[in-house]
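Chemist: Please find one structure pasted underneath; my questions will follow.
Any read-out appearing in this document is the output of simple, stated calculations on the displayed coordinates, not a laboratory observation. Model, not experiment: these values are computed from the prediction. Counting neighbours? That spans all protein chains shown, and the Cβs are built from the backbone with ideal geometry, glycine included.
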Amino acid sequence: MSSLIIRDATEKDAEVIYQLIQALATHVGSPNGPEQSLETLRLSIKKQTLRSYLAIFEHKVVGHVLFYTAYSTWKGPFVMMEDLYVDPNLRGQRIGQRLLAHLAQWAKQNKFTRIKYECSEDDKATMRFYEKFNPKPVDQLHFKEYHIIGQALDDLAALTFTNGK
């Protein structure tokens, strides 16, 4: 697939990225898709709090890798890969591998220590894809992940303190 182009996404690509996010959501059994708005996505890309590399084949976006940067006090800066998606009709042609390699090259050039991602245990094909790259499973690290979301986030944000108490 020599005519494949990988390029940085811009805020002008927000709509196609949103469509790719929806396609991934449908693939993993969440057809109602993302809860965020297109405008939130566009703003996040513009501010570069969220980045994406697009795979373009024959002038059509056929996949992307969506990511952001984060920091570990233990290991330093890292990349959080949120999504990696390739059009199902073009899978098996190393587009996903090229997107992931492109992200890894960027991470190394910018001194990031690792790429972190999550994968559903039910998605065996995706797990086999990622296992080709010798990742270290997080469950071996003895950590448990928590999310403060929804009402819990609202309640925490509403806490007020006076006189240091």
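Chemist: Considering only region 86-99, I want to know if a residue exists there that is within 25 Å of T40 (Cβ to Cβ) and in a helix (DSSP H, G or I). Can you show your working first?
Modeler: Within region 86-99, the subset within 25 Å of T40 (Cβ to Cβ) is 86-87, 99.
Cutting the leftovers down to in a helix (DSSP H, G or I) gives us 99.
Yes.
Chemist: So, one more: Mind checking which pairs have a first residue in region 45-74 that is within 14 Å of R98 (Cβ to Cβ) and a second that is surrounded by fewer than 20 Cβ atoms within 10 Å (Cβ to Cβ) and of a type in the set (S, T, N, Q), Cβ under 7 Å, 6 or more apart or different chains?
Modeler: Every condition considered, the pairs that remain are F57/S3.
Chemist: OK, next. Given the criteria crowded, with 19+ Cβ neighbours inside 10 Å and of a type outside the set (A, V, I, L, M, F, W, C), does H27 qualify?
Modeler: Numbers: crowded, with 19+ Cβ neighbours inside 10 Å: no; of a type outside the set (A, V, I, L, M, F, W, C): yes.
No, not satisfied.
Chemist: Please go through region 1-55 and pick out each residue that is over 27 Å from A125 (Cβ atoms), in a loop (DSSP other than H, G, I, E, B) and under 15 Å from the mean Cα position of the chain (by Cα). Let's see the steps before the verdict.
Modeler: Going residue by residue through region 1-55, those that are over 27 Å from A125 (Cβ atoms) are 8, 10-12, 14-15, 37-40, 42-49.
Within this subset, residues satisfying the condition of being in a loop (DSSP other than H, G, I, E, B) are 10, 37, 47-49.
Listed by number, the residues that qualify are Q48, T49.
Chemist: What number of residues within region 111-131 are outside any helix (DSSP H, G or I) and either of a type in the set (A, V, I, L, M) or in contact (Cβ under 8 Å) with a residue 24 or more places away in the chain (or both)?
Modeler: Initially, region 111-131 is screened for residues outside any helix (DSSP H, G or I), giving 111-123.
With the extra rule that they be either of a type in the set (A, V, I, L, M) or in contact (Cβ under 8 Å) with a residue 24 or more places away in the chain (or both), the set shrinks to 111-117, 120, 123.
Residues flagged as outside any helix (DSSP H, G or I) and either of a type in the set (A, V, I, L, M) or in contact (Cβ under 8 Å) with a residue 24 or more places away in the chain (or both) within region 111-131 amount to 9.
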